[in-house]
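Here, each number is a calculation from the coordinates, and none is a lab measurement. As the structure is a prediction and not an experimental result, all values here were calculated from the model. Reconstructed Cβ throughout: ideal geometry from the backbone, glycine too, with neighbour counts over all protein chains shown.
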Amino acid sequence: MSTIAIVGAGEGLGLAIAQTFGAHGFDVALIARSPEKLATLVERLSEDGITAAAFPADVRDRGGLAQALKDAAARFGGIDVLEYSPVSKGGGGGLASPAQATPEDFQREIDSQLLGAVAATQAVLPAMREAGAGTLLFTTGAGSVRPVPMLGNVNAAAAALRNWAINLNQELTDTGIYAAHVAIDVSIDVAVIPGIPVAPASSIAAAYWDLHVARDESEFIYSAG
């Protein structure tokens with residue numbers, strides 16, 4: 001049985017990715033900060049006949065994140081796919097334009113987006129190298145490719161994650177391990193910003209499965225139309 005670990009799992013895209021991979025026979029390891037929310041997701045997946053387990057951790061806690069992934073690998077016998085998509089910490093008044101952003105504004109986003117992804121990857125990559133197989137998928141918003149000023153600190157960290165993920169895929173050529181960056185250029189399930197198209201999480205999640213199977217693009221931008 002194959003296993004996907006979803007870091008930053010939530011009720012929107014994370015759940016949809018879990019359901020998509022679970023429908024293809026994958027077990028699911030769910031990692032996020034809230035044990036209560038994770039328990040709800042495990043219950044939802046169980047109702048769909050998908051085997052899932054929760055491993056609470058904060059992506060800013062490098063040791064805790066590594067231990068959660070280690071525990072997930074022990075529980076399921078390994079991790080075949082890592083999907084990394086924690087919710088940006090920029091919300092709730094934490095957004096800053098390029099000229100207004102302080103080093104602390106940038107550091108908060110770099111900690112959760114770039115450095116969390118690096119820590120998660122380091123936790124699963126040795127076993128993938130040994131197996132000669134694995135998939136690493138890293139999610140950001142489309143601002144990582146086409147920045148907008150109001151998200152200056154968020155976009156800068158997302159762009160760093162994008163650059164690192166694409167370089168990682170190049171480095172892993174011929175190892176059997178595939179890495180890709182996914183930029184979401186729509187609102188998920190509900191309208192958030194006027195004028196931005198909306199797409200269902202299930203449709204977006206299907207693209208992750210296609211990337212895992214095809215393994216031929218280091219970057220995919222999900223957009224409407």
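Ranked highest first by average number of other Cβ atoms within 10 Å, how do 207-219, 139-151, 11-23 line up? Provide the component values of the computation, followed by the final result.
Details: 207-219: 16.1, 139-151: 19.0, 11-23: 21.4.
Ranked from most to least packed, the peptides come out as 11-23, 139-151, 207-219.
Report, please, the projected area of segment 3-222 averaged over directions, based on the convex hull of its C-alpha atoms, in nm².
Here the figure is 11.4 nm², rounded to one decimal.
What value, in deg cm²/dmol to 500, does the helix sum -39500 (n - 2.57) over DSSP H runs of n ≥ 4 give at 222 nm once divided by the residues of the chain? Could the numbers behind the result be given before it?
Numbers: 7 runs with 97 residues, N = 225.
So the calculated ellipticity at 222 nm is -14000 deg cm²/dmol.
Please report the relative contact order for the chain, taking Cα pairs under 8 Å with a sequence separation of at least 6, and give it as a percent rounded to a whole number.
Relative contact order here is 19 percent.
For segment 152-221, rounded, prolate or oblate, judged on the Cα gyration tensor with a ≥ b ≥ c (square roots of eigenvalues), a/c < 1.5 rounded, else prolate if a/b > b/c? List each step's numbers first, then the result.
Values: a/c = 4.01, a/b = 1.48, b/c = 2.71.
The shape class here is oblate.
Once whole DSSP H runs in the chain are found, which of them have Cα atoms spread over 24 Å or more along the helix axis and a mean Kyte-Doolittle score of at least -0.5?
Within the chain the helices that satisfy the rule are 152-171.
Tell me which of Gly143, Ala117, Ala201 sits at the most positive position along the dipole axis of segment 74-213, charges placed on C-beta atoms (Lys, Arg +1; Asp, Glu -1).
About the Cα centre, the residue reaching furthest to the positive side is Gly143.
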